[in-house]
Amino acid sequence: SARMAGAADGFRKLDAAHPVFNFFEQYYGVTGGKGPRRLARWSPPLESPGGVLLEAATADDLGDGTLHLRGAQVLDGGGGVLYDPAACVPADASPFLWHRDVLAATEAAPPITSCYGLHEWAMLYHPEGAPEPPSARYQGSALQLRVDRETLNAAVEGGVSCTHVDALRFFAPAAARHNRHGGRLERIDQLRLEQPGCVHAHMDLLKAALRLSPWLPAELLADALEVAIAARSLDVAASPYDASAYGLPPIRVELPSGRDEYRAAQVELMHRAAPVRAALRAAFDA
């Protein structure tokens, strides 16, 4: 990563060329030096109806990024900093309710472990005569393909099992018809299709945690971040790109052995993500 100009506190912006971290910058708003700073701020678990009082905290803890500004009240006379959700009720609760419903629907759904990460391949699908895939510009300047065009196209034409609405949005137009769950998905379909085997659903735990923050323990945000990084790393390793320079040896999902390797990693990640998803859903319910 590159140090931010004038960032005396040592926080760094994410490397825009890194195939794992650039995803968080582009899709989850972890941008510039403020993005990592936001992830590093501490917030308490809000288990009391009246909020949580941090007796020794001061305004300096808010100013230097140690504590979240959102929802914080500095009490007079050195009385500490109070976090009270009731004092910061959003005008529109629908985004919070949406994330809560998606988390609950994902928990309740049966897992699908036969997608093999082919959504990344579908984004680059380019049969003869088709227009250039729009997503080819995403990693194209930083990463080279590790497979030829014929191998890539054949993997997609063998069938894709993608249930994630946002991943499908970036499919090459010619690839949509190869998705077993539909070539066009609407946002509302997320409640019907999201399932606990989906690597992108694990990445979205970070999106949900950032939406609720700071009304959740900082440790839970950190758990969601760690799961999201592991999920994106698996995503990139199974892609048609060569990310070995970033410490991500390929999982060759175009081969039977690679599909077995991917499924094993996918199942392991699913079990790792499950308690984080359950804790986030409980935090939204609270």
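The values are calculated or read from the model by the stated rules, or taken from the named source; none is laboratory data. Please read these numbers as outputs of a predicted model, since none were measured by experiment. Cβ: placed from backbone, ideal geometry, glycine included. Neighbour counts: every protein chain shown. Ligands, DNA and RNA are stripped out before the accessible areas are found, and what is left, the full protein with its side chains, is counted by its heavy atoms. Shrake-Rupley method; radii C 1.70, N 1.55, O 1.52, S 1.80 Å.
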Which whole-number value in Å² is the accessible area per residue of region 127-286, probe 1.4 Å?
-> 44 Å²
For region 165-277: Kirkwood Rh in Å [reciprocal of mean 1/r, alpha carbons] | 15.5 Å
Taking only the Cα positions of the chain, the convex hull volume per residue in Å³ is 138 Å³
Orientation-averaged projected area, Cα convex hull of region 54-189 (nm²) | 13.3 nm²
Near the amide H of Asp15, under 5 Å away, which other amide H atoms are found, from residues 5 or more places off or on another chain, if H is placed in the peptide plane?
-> Ala2
Which angle between 0 and 90 degrees, to the nearest 10, do you get for helix 199-212 versus the longest principal axis of the chain when only C-alpha atoms count?
-> 20 degrees
Cβ-placed point charges (K, R +1; D, E -1), dipole of the chain about Cα centre in debye, nearest 20 | 460 debye
Could you go through region 110-117 in sequence order and give the Karplus-derived ³J(HN,Hα) for each residue, using 6.51 cos²θ - 1.76 cosθ + 1.60 with θ = phi - 60°, rounded to whole Hz, and x for Gly and Pro?
-> x, x, 10, 10, 10, 8, 6, x
